[in-house]
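**Q** Can you keep this structure in mind? I'll have questions shortly.
The values are calculated or read from the model by the stated rules, or taken from the named source; none is laboratory data. Being a predicted model, the structure only gives us computed values, none of them experimental. Quick reminder, even Gly has a Cβ in these numbers, built from the backbone with ideal geometry, and neighbours come from all protein chains shown.
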Amino acid sequence: MQFGWLTLSMSPSPDQDARRIANVIDQACEAERLGFSDVWLTEHYFTGESVYSDSLMFAAALAMRTARVRIGFAVVQMPFHHPVRLAVQLALLDNLANGRIDVGIGKGTAYNEYEFVGHGLRSHESRARMEEAIDIVERAWRESPLSYDGKFHKLQIPAIRPKPVQQPGPPLWRSVISPGSFRECGRLGVPILTARLPVERIKERWATYEAGLEAGGHDERTRARLLAQSALWRNVYVAESDAQAEDELSALLVETRAHMMHVREAYNPPDFEPEPAALNAWTDPRVPDSEAVPFVLRTGSLFGSPARVRDQVAELRDVGVRHLLCQTGFGAMDHDQNIASMRRFGEKVMPAFADGSVATSA
């Protein structure tokens, strides 16, 4: 199996930002040392939810501090970026990282309308902005010169320089959850990542993606590569005992949710309501923590002693997961606590899956 590391580390106050940013760099370097194959950066603004905010600039720092690990975005919120500027930045990043960049793309947060307002936008046109931006970025990497006459952008571009190392450009991933999205991404040959998909649904969704790959006429080698790299995102917390892990992760999740709900109530405009289909027990403010936290523990988390987490990873492997993205930090979690959990996972869980088998729990 392939293990990625994902950061969603919050800074609780501005006076802690610099230290927290340095901590995330240290954590990413530790992920490379432990043998994680890729690190993934989130993008949020204004409240410290992703302490570095600008994931593209932060990725440049990681490119200079790492040598082997791939650097991904989960995800770039496309409406917040001018597509030509984004194409240039990603091309430069791919050069700085010597071809180690993966780009998850999305239409922007479904809950934090204040992020759109802060960029002078509203979310009702986010999907159209995203689709146009994707078209421009992909064509800008391929076409020189490029003339583009769109709804949001009218452009004349001589060429994108520097050219990306990966040709025609860094892979563009999609975050998916519905069966239709799995199938369509398969048809298009687009790499995918998904979060909080229950175990009982994974095998079915992976089969849907594979059916899309076959419908798209992709060759056997391409199908095998895309299936192997399809990524599932999970919270991961490893402690000395199962009880300790559950208690500590639950407390961290309560703190994380309190921050999340506070900033949305404080900063979202009064005319904004998230789409009902986007809400679940974790994201719905009407659901109490006593229900929300068990929901996340059950549907989106791997936690416990190393032995228990090995069993949980084996369960995912057995339903087809070959690429697991591990979020090891939650809210304003202490740096040393995060590193300790990462090391238990990297040293006592990951090696059991190096040859495709899992060691007996001990």
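**Q** Quick check, is M350 surrounded by 14 or more Cβ atoms within 10 Å (Cβ to Cβ), of a type in the set (A, V, I, L, M, F, W, C), out of contact with any helix residue (DSSP H, G or I) (no Cβ under 8 Å at 6 or more places or on another chain) and touching a residue at least 24 places away in the same chain (Cβ under 8 Å)? Quick ask: steps written out before the conclusion?
**A** Numbers: surrounded by 14 or more Cβ atoms within 10 Å (Cβ to Cβ): yes; of a type in the set (A, V, I, L, M, F, W, C): yes; out of contact with any helix residue (DSSP H, G or I) (no Cβ under 8 Å at 6 or more places or on another chain): no; touching a residue at least 24 places away in the same chain (Cβ under 8 Å): yes.
No: the conditions fail for M350.
**Q** Could you please find all residues in the range 172-199 being among the charged types (D, E, K, R) and either out of contact with any strand residue (DSSP E or B) (no Cβ under 8 Å at 6 or more places or on another chain) or in a strand (DSSP E or B) (or both)?
**A** The first filter runs over the range 172-199 and keeps only residues among the charged types (D, E, K, R), leaving 174, 183-184, 187, 196.
Scanning the range 172-199 gives R174, R183, E184, R187.
**Q** How do the pairs read when you match residues in the range 247-269 that are farther than 16 Å from F295 by Cα and in contact (Cβ under 8 Å) with a residue 12 or more places away in the chain with residues anywhere that are among the charged types (D, E, K, R) and outside any helix (DSSP H, G or I), using Cβ under 8 Å and keeping only pairs 6 or more apart or on different chains?
**A** From residues that are farther than 16 Å from F295 by Cα and in contact (Cβ under 8 Å) with a residue 12 or more places away in the chain, the pairs are H259/E49; M260/E49; V263/E49.
**Q** Here is a further query. Hey, does the range 31-48 have a residue that's assigned to a helix (DSSP H, G or I), on the phi < 0 side of the Ramachandran plot and in contact with a Ser or Thr (Cβ under 9 Å, 6 or more places away or on another chain)? Write out each step before concluding.
**A** Residues of the range 31-48 assigned to a helix (DSSP H, G or I): 31-34.
Okay, now just the ones that are also on the phi < 0 side of the Ramachandran plot, so 31-34.
Filter again for in contact with a Ser or Thr (Cβ under 9 Å, 6 or more places away or on another chain), leaving 31-32.
Scanning the range 31-48 turns up at least one residue that is assigned to a helix (DSSP H, G or I), on the phi < 0 side of the Ramachandran plot and in contact with a Ser or Thr (Cβ under 9 Å, 6 or more places away or on another chain).
**Q** Evaluate the range 129-140: report whether one residue or more is exposed (fewer than 15 other Cβ atoms within 10 Å of the Cβ), modelled with pLDDT of 95 or more, more than 16 Å from V190 (Cα to Cα) and in contact with a Phe, Trp or Tyr (Cβ under 8 Å, 6 or more places away or on another chain).
**A** No, there is no match, as no residue in the range 129-140 is exposed (fewer than 15 other Cβ atoms within 10 Å of the Cβ), modelled with pLDDT of 95 or more, more than 16 Å from V190 (Cα to Cα) and in contact with a Phe, Trp or Tyr (Cβ under 8 Å, 6 or more places away or on another chain).
**Q** OK, next. Given the condition touching a residue at least 60 places away in the same chain (Cβ under 8 Å), of a type outside the set (D, E) and surrounded by 17 or more Cβ atoms within 10 Å (Cβ to Cβ), answer yes or no: does some residue in the range 209-226 qualify?
**A** We begin by selecting, within the range 209-226, every residue touching a residue at least 60 places away in the same chain (Cβ under 8 Å); these are none.
No, the range 209-226 contains no residue that is touching a residue at least 60 places away in the same chain (Cβ under 8 Å), of a type outside the set (D, E) and surrounded by 17 or more Cβ atoms within 10 Å (Cβ to Cβ).
**Q** Filter the range 149-195 for residues that are under 16 Å from H323 (Cβ atoms), buried (at least 18 other Cβ atoms within 10 Å of the Cβ) and not aromatic (F, W, Y) and give the result. Before the answer, list the steps.
**A** First, pick out the residues of the range 149-195 that are under 16 Å from H323 (Cβ atoms): 171, 173-176, 182, 185-186, 190-195.
Add one more test, that the residue is buried (at least 18 other Cβ atoms within 10 Å of the Cβ), and what stays is 173-176, 182, 185-186, 190-195.
Those that are under 16 Å from H323 (Cβ atoms), buried (at least 18 other Cβ atoms within 10 Å of the Cβ) and not aromatic (F, W, Y): R174, S175, V176, C185, G186, V190, P191, I192, L193, T194, A195.
**Q** Every residue in the range 196-208 that is of a type in the set (A, V, I, L, M) and crowded, with 19+ Cβ neighbours inside 10 Å, please.
**A** Step one: list which residues in the range 196-208 are of a type in the set (A, V, I, L, M), which gives 197, 199, 202, 207.
Across the range 196-208, the qualifying residues are L197, I202.
**Q** Sticking with this one: Just one of (1) over 23 Å from D284 (Cβ atoms); (2) in contact with a Phe, Trp or Tyr (Cβ under 6 Å, 6 or more places away or on another chain) trips up R225, so point out which.
**A** Evaluating R225 over (1) over 23 Å from D284 (Cβ atoms); (2) in contact with a Phe, Trp or Tyr (Cβ under 6 Å, 6 or more places away or on another chain) leaves (2) as the failure.
**Q** For G331, are the conditions met, namely being at pLDDT below 95 and not aliphatic (A, V, I, L, M)? Reasoning before the result, please.
**A** Details: at pLDDT below 95: yes; not aliphatic (A, V, I, L, M): yes.
Yes, satisfied.
**Q** Is at least one residue of the range 95-117 polar (S, T, N, Q), in contact with a strand residue (DSSP E or B) (Cβ under 8 Å, 6 or more places away or on another chain) and either more than 23 Å from L226 (Cβ to Cβ) or outside any loop (DSSP other than H, G, I, E, B) (or both)? Steps first, please.
**A** Residues of the range 95-117 that are polar (S, T, N, Q), as a first pass: 95, 98, 109, 112.
With the extra rule that they be in contact with a strand residue (DSSP E or B) (Cβ under 8 Å, 6 or more places away or on another chain), the set shrinks to 109.
Checking which are either more than 23 Å from L226 (Cβ to Cβ) or outside any loop (DSSP other than H, G, I, E, B) (or both) leaves us with 109.
The answer is yes, given that some residue of the range 95-117 is polar (S, T, N, Q), in contact with a strand residue (DSSP E or B) (Cβ under 8 Å, 6 or more places away or on another chain) and either more than 23 Å from L226 (Cβ to Cβ) or outside any loop (DSSP other than H, G, I, E, B) (or both).
**Q** Filtering the range 148-171 down to residues that are among the β-branched types (V, I, T) and in a loop (DSSP other than H, G, I, E, B), which residue is farthest from A87 (Cα to Cα)?
**A** Step by step, filter the range 148-171, then rank; the result is V165.
Residue-wise test of (1) in contact with a Lys or Arg (Cβ under 7 Å, 6 or more places away or on another chain); (2) over 30 Å from E315 (Cα atoms); (3) in contact (Cβ under 8 Å) with a residue 12 or more places away in the chain.
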residue: F152; (1), (2), (3): yes, yes, yes
residue: I160; (1), (2), (3): no, yes, yes
residue: P164; (1), (2), (3): no, yes, yes
residue: S175; (1), (2), (3): no, no, yes
residue: P179; (1), (2), (3): yes, no, yes
residue: R183; (1), (2), (3): no, no, yes
residue: R196; (1), (2), (3): no, no, yes
residue: R201; (1), (2), (3): no, no, no
